[in-house]
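The values are calculated or read from the model by the stated rules, or taken from the named source; none is laboratory data. Values in this document were obtained by computation on a predicted structure and should not be read as measured data. Every residue, glycine as well, gets a Cβ built from its backbone with ideal geometry; the counts of neighbours run over all protein chains shown. Protein only, heavy atoms only, side chains kept; ligands, DNA and RNA dropped before computing areas. Shrake-Rupley method; radii C 1.70, N 1.55, O 1.52, S 1.80 Å.
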Amino acid sequence: MNLKDRIEKLALVGPTYGKKLEKLNIETIEDLIFHFPFRYDDFSLISPIGRVQAGETVTICGQIQEIVNEYTRGGKKIQKAIVSDSSGSLEIVWFNQPFLVRTFRVGKSYNFSGKVDWFGRQKVFVSPDYELQKSGTSIHTGRLVPVYPETFGVSSKWLRSRIKTALELLGEEIKEFLPLKIIKNENLLPEKEAIFQIHFPDSKVEAEKARERLAFDELFLLQLAALKRKKDWQKKTLGKKFSVDQEKVLDFIAKLPFELTQAQKKVLKEILADLGKTKPMNRLLQGDVGSGKTVVAAAAAYVCFLNGWQTLFMAPTEILANQHYQTLKILLEPLGIPLELITSSKKTKVSTNKTKVSIGTHALLYQKFEQEKI
């Protein structure tokens with residue numbers, strides 16, 4: 001058995017639970033151990049029965065003295081058990097879980113975790129979590145207990161037991177993928193330790209350290225994937241690179257009704273340099289509203305026009321597309337560049353047959369444009 005095996009191979013899973021786990025996107029054993037809790041129930045306070053107080057969330061360890069089903073006047077069942085240790089005894093109450101009478105064994109010792117409350121005039125444990133006392137570490141009581149995203153028929157208690165089994169069997173297969181230098185510099189837990197601690201943390205501090213390591217993993221892999229895409233993109237070469245007519249670009253800038261800022265000049269220089277290369281340009285120009293991003297894009301579109309190619313200018317909303325259309329008309333139409341506006345609700349056609357700049361929303365993606373030079 002290994003981490004890549006189907007989840008059905010894990011003990012007590014089988015086809016029935018396998019189908020249910022698919023709803024949680026769990027198909028392999030590895031998917032299961034990477035199904036992380038979204039919170040913890042703090043049952044780490046362990047108290048003798050004689051000292052528990054109403055309102056406390058606590059864990060007690062005691063022996064079942066008796067357990068019975070009682071019926072209400074409405075016919076509903078209440079399960080009542082008496083649990084004791086050397087310091088005293090306490091009544092435990094569950095509602096509509098008659099199977100518990102068969103689950104518990106009188107004389108056996110169990111751990112119970114939950115909230116102590118008043119039931120009538122006496123202190124009782126109301127619907128606590130429970131597990132049989134046994135050697136080894138408890139997973140449902142007496143600690144920070146993980147609570148997972150669930151689906152119908154798959155509880156957090158069931159998930160805890162299967163994850164515990166998976167880690168015991170295959171935990172050593174969890175491999176470290178980050179370089180040791182990064183782990184040391186970022187003060188991160190090793191991968192295997194983070195996985196164990198996120199599911200069954202020794203303390204809140206360790207749970208937070210595990211969360212930080214796994215969050216770092218996610219961001220690191222996203223960044224790595226982005227860099228790979230960029231590298232793959234840069235391997236491509238264009239059949240045609242643009243020739244940048246510096247004189248005409250400078251004339252375009254000089255005729256603007258305002259002077260470009262130093263930042264605009266800098267990014268425009270970088271963009272025009274990219275357009276003159278055989279590698280595709282892939283840039284993000286970031287700036288506040290009104291900082292002048294559109295005029296930089298207009299200058300790039302002008303260079304495309306001078307080289308005889310089309311420009312598609314896409315905006316996220318129809319309102320913004322209209323605003324860009326009006327702005328670009330002022331900047332580009334005096335240069336003889338025909339424009340058109342394309343949105344899902346409106347298409348403004350120009351008088352010329354060969355549109356050079358098309359402005360629109362995502363409706364642009366559903367249009368057919370000539371790829372040949374025009």
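I'd like to check one number: the per residue accessible area of the stretch 1-125, probe 1.4 Å, reported in Å² as a whole number. Mind dumping the intermediate values first?
On the way: 7150 Å² over 125 residues.
Per residue, the stretch 1-125 has an accessible area of 57 Å².
Angle, helix 318-332 long axis vs. longest principal axis of the chain, Cα atoms, 0 to 90°, nearest 10?
Helix 318-332 sits at roughly 20 degrees to that axis.
Counting just the Cα atoms, what span does the stretch 1-147 cover along each of its three principal axes? Round to the nearest Å and put the largest first.
53, 36, 28
Going through the stretch 103-209, which trypsin sites (Lys or Arg not before Pro) have at most 12 other Cβ atoms within 10 Å and a DSSP loop state? Working shown, then result.
Working: sites: 105, 108, 115, 121, 123, 134, 143, 157, 160, 162, 164, 175, 181, 184, 192, 204, 209; in loops: 105, 108, 121, 134, 143, 175.
Filter output for the stretch 103-209: 105, 108, 121, 134, 175.
State log₁₀ I(q)/I(0) for the stretch 138-193 at q = 0.16, 0.19, 0.20 Å⁻¹ as given by the Debye formula over alpha-carbon point scatterers of equal weight, solvent excluded.
The Cα Debye sum returns log10 ratios of -0.69, -0.83, -0.86.
Which angle between 0 and 90 degrees, to the nearest 10, do you get for helix 156-170 versus the longest principal axis of the chain when only C-alpha atoms count?
80
Using θ = phi - 60° and the Karplus curve 6.51 cos²θ - 1.76 cosθ + 1.60, what whole-Hz ³J(HN,Hα) does each residue of the stretch 62-76 get, with Gly and Pro shown as x?
With the stated coefficients, the stretch 62-76 comes to x, 9, 5, 8, 6, 8, 9, 9, 10, 10, 7, 5, x, x, 7 Hz.
For the stretch 120-216, take the alpha-carbon Rg, divide it by the Kirkwood Rh, and send me Rg/Rh.
Numbers: Rg = 16.7 Å, Rh = 15.6 Å.
Radius of gyration relative to Kirkwood radius: 1.07.
Which FRET efficiency, nearest 0.05, do residue 54 and residue 151 yield, Cβ-Cβ r, R0 56 Å?
Working: r = 35 Å, r/R0 = 0.62.
With R0 = 56 Å, the Cβ-Cβ based efficiency is 0.95.
If amide hydrogens are placed 1.01 Å from N in the peptide plane, which non-local residues have theirs closer than 5 Å to the one on residue 56?
116
Based on DSSP H runs of at least 4 residues, each adding -39500 (n - 2.57), what is the mean residue ellipticity at 222 nm of the chain after dividing by all its residues, to the nearest 500 deg cm²/dmol?
Working: 11 runs with 132 residues, N = 374.
So the helix-based figure for the chain works out to -11000 deg cm²/dmol.
Given a 1.4 angstrom probe, I'd like the percentage of the accessible area of the chain that is carbon and sulfur, rounded to a whole number. List each step's numbers first, then the result.
Working: 11890 of 22520 Å².
Carbon-and-sulfur percentage of accessible area, whole number: 53.
For the pair residue 284 and residue 137, what calculated FRET efficiency results from E = 1/(1 + (r/R0)^6), where r is the Cβ-Cβ distance and R0 = 51 Å, to the nearest 0.05?
Values: r = 49 Å, r/R0 = 0.95.
So, using R0 = 51 Å, E works out to roughly 0.55.
Just the ratio, please: alpha-carbon radius of gyration of the stretch 34-92 over 2.2 N^0.38 Å, N its number of residues.
Cα Rg divided by the expected 2.2 N^0.38 Å: 1.49.
Compute the long axis of helix 293-306 from its Cα atoms, compare it with the longest principal axis of the Cα atoms of the chain, and write down the angle in degrees, 0 to 90, nearest 10.
Tilt relative to the chain: about 50 degrees.
Using only the Cα atoms of the chain, construct the convex hull and provide its projected area averaged over every direction, in square nanometres to one decimal.
Working: hull surface 121.4 nm².
Its Cα hull, projected and averaged over all orientations, spans 30.3 nm².
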